[in-house]
Every structure is written in structure tokens, then in C-alpha cells.
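A quick write-up on the structure given underneath.
The values are calculated or read from the model by the stated rules, or taken from the named source; none is laboratory data. Here the structure is a predicted model, which means the values were calculated and not measured. We place every Cβ from the backbone using ideal geometry, glycine too, and count neighbours over all the protein chains shown. Please note that ligands, DNA and RNA were not included when accessible areas were found on the heavy atoms of the full protein model with its side chains. Shrake-Rupley method; radii C 1.70, N 1.55, O 1.52, S 1.80 Å.
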Amino acid sequence: LALNEKEMNAFMLIATNLAKKMSIDMRLINAEQYSFESDGKIAKLCNTVAAEYNDSQPYKGTQLIFSDIGTPAGNSFNLYQEIKRVLVQEHGLKPDDIQFIHDHDSKKKKEVLFNDVNNGDVRVLIGSTKKLGTGVNVQERVIAMHHLDIPWRPSDLEQRTGRGGRQG
């Protein structure tokens, strides 16, 4: 990896960012060079999500998946699509049961989505801390929250946790 002078000044941040991506999925570094790892973090996440999904079928338990990296942007590899692909193709979840918060970009669309999650019509909701954090009230049936990465600020982790872990 060749770095220019400006990048060398931020070497530790660059190294930390690359390490964070590599710890989740090497395709975040180079999607052409690497492929799905059947024993990698995404596969293990999907195994857990599928097991929770099946175990909670009678009462339509819902799950939240948080990731601030690998979000859908342009034509590059993104974790959200990959998670959905694995859950649908390898574990048999219904595609409509899995939603991305960023696809619901208006207040009205979010209200409908939040209602669908709280009713158990959407069982898996994927998003970033920013989009799936403050103001997201989907706690009625949450049985699990999955953090693919850890945000930089402790308050952001607290915000994530607050989406499902509510008093009462």
C-alpha cells in the first residue's frame, strides 16, 4: 500500500480503518480479489440471525443489524446486500422480511416501516448508527441486536442499544 505524505500523517487512522474493514469482510478492501468466507463474520452473523428468526417465528421476533461500514453506496460491495443475500439464499428467509432503513427515506415511509417492524411483518432491519439510531421506535418485538462494527463514540453504541433495550 503506497501512501502519499498527507496519508502518512494519518497512517494510524488509515490502518485502523483498514483493520476494521478486514475484521468484518475482506471484500470491503477488494471485492474482486476475495470471496464469501463460509466461516467468516458475515456467515456467522447470518447463522445467528437465521437461528433467532426461526426460534422466534411463533411470535414474530424482530432483529436489528447495525453496521456503519459497508453501507450501500454506488456500485461497490456492500454488507447490507450481502447479508440479505446469504439470509435469503442460504437460510431461506423471506426477502420481504429483511429491510434496509436507508430505503425508507421519508417520514411517511419510516412510519410505515416502524409499524411493520413492531407488528413483526418486517423481521430483520439493517442500518447504520445514524439512520437506525435516534428516533427509531421499533422495540416492540426486538429479540436481538447485532453490531457488525463498534462506533467510535460510546454515546453512539448507547444509542444503538436503546433501539431495542428499553425500560419497562
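The table that follows gives values for the structure above.
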read-out: Enumeration of residues in segment 134-145 that are open to solvent by less than 20 Å² (accessible area, probe 1.4 Å) and part of a strand (DSSP E or B); value: ALA144
read-out: Hey, LYS131 open to solvent by 60 Å² or more (accessible area, probe 1.4 Å) and either assigned to a loop (DSSP other than H, G, I, E, B) or of a type in the set (A, V, I, L, M) (or both) or not; value: yes
read-out: Residue ID - surrounded by the fewest Cβ atoms within 10 Å (Cβ to Cβ), chosen from residues in segment 22-60 that are part of a loop (DSSP other than H, G, I, E, B) and under 17 Å from the mean Cα position of the chain (by Cα); value: PHE36
read-out: Qualifying residue in segment 70-77 (condition: open to solvent by 20 Å² or more (accessible area, probe 1.4 Å) and either acidic (Asp, Glu) or in a helix (DSSP H, G or I) (or both)); value: no
read-out: Segment 106-128, residues that are part of a helix (DSSP H, G or I), of a type in the set (Asp, Glu) and under 21 Å from ALA50 (Cβ atoms); value: ASP116
read-out: Some residue of segment 120-127 being open to solvent by 20 Å² or more (accessible area, probe 1.4 Å) and of a type outside the set (D, E, K, R); value: no
read-out: Residue selected from segment 51-77 under the condition touching a residue at least 60 places away in the same chain (Cβ under 8 Å) and among the polar types (S, T, N, Q), by the criterion farthest from ALA144 (Cα to Cα); value: SER67
read-out: Subset of segment 78-105 (residues that are without any contact (Cβ under 8 Å) to a residue 12 or more places away in the chain, closer than 22 Å to ASP39 by Cβ and in a helix (DSSP H, G or I)); value: GLN81, ARG85, VAL88, GLN89
read-out: Any hit, segment 152-165, residues being at pLDDT below 90, within 13 Å of the chain's Cα centre (by Cα) and surrounded by fewer than 18 Cβ atoms within 10 Å (Cβ to Cβ); value: no
